[in-house]
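**Q** Pasting a structure below so you can have a look.
The values are calculated or read from the model by the stated rules, or taken from the named source; none is laboratory data. This one's a predicted model, so the numbers in the text were calculated from it and none came from an experiment. Don't worry about glycine lacking a Cβ; one is built from the backbone with ideal geometry, like all the others, and counts go over all protein chains shown. Just the protein is used for accessible areas: all its heavy atoms, side chains included, with ligands, DNA and RNA removed. Shrake-Rupley method; radii C 1.70, N 1.55, O 1.52, S 1.80 Å.
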Amino acid sequence: MQLADKHERTTTKAFAGLRVLDFSTTIAGPHCARMLADMGAEVIKIETDGGETMRTRPPLRKGCSTVFGQLNVGKKSIVLDLKSEDGKEAVRRLAATADVLVENFRPGVMRRLRLDYDSLRPVNPRLIYCSISGYGQSGPSAELPAYAPVIHAASGYDMAHLAYQPGRDRPDYCGIYHADVVTGTYGFGAIAAALYQRTATGLGQHIDVSMLESMLTLTVIELQSAQFAVKPPPRPMFGPTETANGYVMITVASEKTFQCLMAVIGRPEWISDPRFASYAVRRDNWADMMDGVEAWSRQLSTDACLAALGSAGVPASAYRTVSEALADPQIAHRQALSSVEDGGGSFKVLNLPFRMTGTDTTPGKTMAVLGEHTDVLRDEIGLSSDGAIPSGKTLATR
């Protein structure tokens, strides 16, 4: 039974009733805001009339990007010119009705537009204003331009990773943007904490999320080693172990799994071998141990190798493509994907990676067309399409 099945009729959304203004672009901010949308918040994505750059990222079908959809499904869409007084007034009026604002402009941009936290706090003291940036909102690096690959390099992550690649002296290329997803997730957590605190104080606050510091959280061991002059002891190097037709990843992180692995490969005597008998000496002789494991694995197909390791309780996996991972029956069992619609048809997006017995965490079903909700929202806040204030309109606040 799945966790969600315990309350299969649950339709409650944890953040139902919350309004979020999403000024963010690319990945980190939109990822954060989509998590809020999945939890039930009304997320209003604010764009210029050309739309943000991720709308053009492939895969494209009939001009609609599924990558953009993955990051923005379930949000409403409004087009505003933030450099015009009409656009700024629309933001101020929307902010008066909002609970959360998410932005990831370079520090100083929202201040120059007079839409920063200090400018909007008088309009709505309960507003939780989340700023995501490369280096934080202040300091000597604050206004430097930053994208995830730059932050990977600046944080030490790439060089730390290189240190675990024997024989290599050039850092890896960057194809997957860890910093964006990690930072967006920290932003989501900080917003949730601020919402909880607001129940006691009645006040919002400014959240300052740094991509640099977020990325540093991935270097748990390396961060500690960097603080001391004593050279840290060698660590086990987990990497591909060759089979007869491919590679597997085997991870030995406890005495029990080490003993089980030795039994599987037919080397029970190595359990008491002075080279491997304890973790302290084993890490010094890790390459020799894995050579022995590979001598065994090369005689078996990947499937046979995984079957033997799995039956012995040794953590292992084949090296899979993303397509292969998505085809895993476990993904289907978890209902980890949802089908959504945009102007190009249907496609699947990944759900939030957690399930809750009392909360529906599934995403919205449709992608808004650029500017789809502009007229409705402008009318709600008392601004007509020409910028005039219709008679009899009053501004609701939260």
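**Q** Would you please state the base-10 log of I(q)/I(0) at q = 0.08, 0.09, 0.11 1/Å for the chain, with intensities from the Debye formula using one equal scatterer on every alpha carbon?
**A** -0.56, -0.69, -0.95
**Q** Would you please give the FRET efficiency between Val369 and Gln335, computed as 1/(1 + (r/R0)^6) with r the Cβ-Cβ distance and R0 = 22 Å, to the nearest 0.05?
**A** Efficiency for this residue pair is about 0.20.
**Q** In nm, to one decimal, how far is the modelled label at Ser141 from the one at Met356, with both set 7 Å along Cα→Cβ?
**A** Those two pseudo-labels are separated by 3.4 nm.
**Q** Dipole of the chain, Cα-centred, from +1 at each Lys and Arg C-beta and -1 at each Asp and Glu C-beta, to the nearest 20 debye?
**A** 580
**Q** Roughly how many Å² is the accessible area per residue of the range 217-337, as a whole number, for a 1.4 Å probe?
**A** 60
**Q** Can you tell me the FRET efficiency between Thr48 and Leu203 if r is taken as the Cβ-Cβ distance and R0 is 30 Å, rounded to the nearest 0.05?
**A** After rounding to 0.05, the efficiency reads 0.45.
**Q** Taking a cut-off of 26 Å, what percent of all Cα-Cα pairs in the range 247-369 are separated by more than that?
**A** Above the 26 Å cut-off, the range 247-369 has 45 percent of its Cα pairs.
**Q** Size of the dipole of the range 28-79 about the Cα centre, Lys and Arg at +1 and Asp and Glu at -1 on the beta carbon, nothing else charged, in debye to 20?
**A** The dipole magnitude comes to about 220 debye.
**Q** Same structure again: Any idea what the alpha-carbon Rg over 2.2 N^0.38 Å comes to for the range 149-207? If you can, show how the numbers build up before the last one.
**A** On the way: Rg = 17.7 Å, N = 59, 2.2 N^0.38 = 10.4 Å.
Compactness ratio reported: 1.71.
**Q** Another question about this same structure. For the range 205-347, with the dipole built from +1 on Lys and Arg beta-carbon atoms and -1 on Asp and Glu ones, taken about the Cα centre, which of Ala336, Pro274, Ser301 lies farthest toward the positive end?
**A** Pro274
**Q** Based on DSSP, what percent of beta bridges with both residues in the range 255-398 are antiparallel, to the nearest 5? List each step's numbers first, then the result.
**A** Details: 7 of 8 bridges.
Counting only bridges with both partners in the range 255-398, antiparallel ones make up about 90 percent.
**Q** Give the percent of DSSP beta bridges with both residues in the chain that are antiparallel, rounded to the nearest 5.
**A** Looking only at bridges with both residues in the chain, the antiparallel portion is about 40 percent.
**Q** Determine the per residue accessible area of the range 27-167 with all protein chains present and a 1.4 angstrom probe, expressed in square angstrom.
**A** 41
**Q** Using a 10 Å cut-off on Cβ atoms, rank the peptides 119-130, 253-264 from the highest mean neighbour count down. Display every interim value, and only then the final one.
**A** On the way: 119-130: 19.7, 253-264: 16.8.
Ranking the peptides 119-130, 253-264 by packing returns 119-130, 253-264.
**Q** Hey, quick one: spin label on Phe238, modelled 7 Å out along Cα-Cβ, who in the range 319-333 has an amide N within reach, i.e. under 16 Å?
**A** It comes to 319-320, nothing else.
**Q** Rounded to the nearest 500 deg cm²/dmol, what is the calculated helix-only ellipticity per residue at 222 nm for the chain, with -39500 (n - 2.57) per DSSP H run of length n ≥ 4?
**A** Calculated from helices alone, the mean residue ellipticity at 222 nm is -9500 deg cm²/dmol.
**Q** Once the Cβ-Cβ distance between Ala193 and Asp303 is put in as r, and R0 is 41 Å, what FRET efficiency do you end up with, to the nearest 0.05?
**A** Working: r = 45 Å, r/R0 = 1.10.
That gives a FRET efficiency of 0.35.
**Q** Rounded to the nearest 20 Debye, what is the dipole magnitude of the range 289-368 about its Cα centre when Lys and Arg each give +1 and Asp and Glu each give -1 at the C-beta?
**A** Magnitude of the dipole: close to 180 debye.
**Q** Could you grab the relative contact order for the range 1-136? Cα pairs under 8 Å, six or more apart, rounded to a whole percent. Walk me through the numbers before you get to the answer.
**A** Working: 210 pairs, mean separation 33.8, N = 136.
Taking the mean separation of contacting Cα pairs over the length of the range 1-136, I get 25 percent.
**Q** If you roll a 1.4 angstrom probe over the protein chains with everything in place, what fraction of the accessible area of the chain belongs to carbon and sulfur, to the nearest %?
**A** Answer for the chain: carbon and sulfur cover 56 percent of the accessible area.
**Q** OK, next. Across the range 127-234, how large is the tail of the calculated P(r) beyond 21 Å, expressed as a percent of all Cα pairs?
**A** Numbers: 2727 of 5778 pairs.
Counting every Cα pair in the range 127-234, those more than 21 Å apart make up 47 percent.
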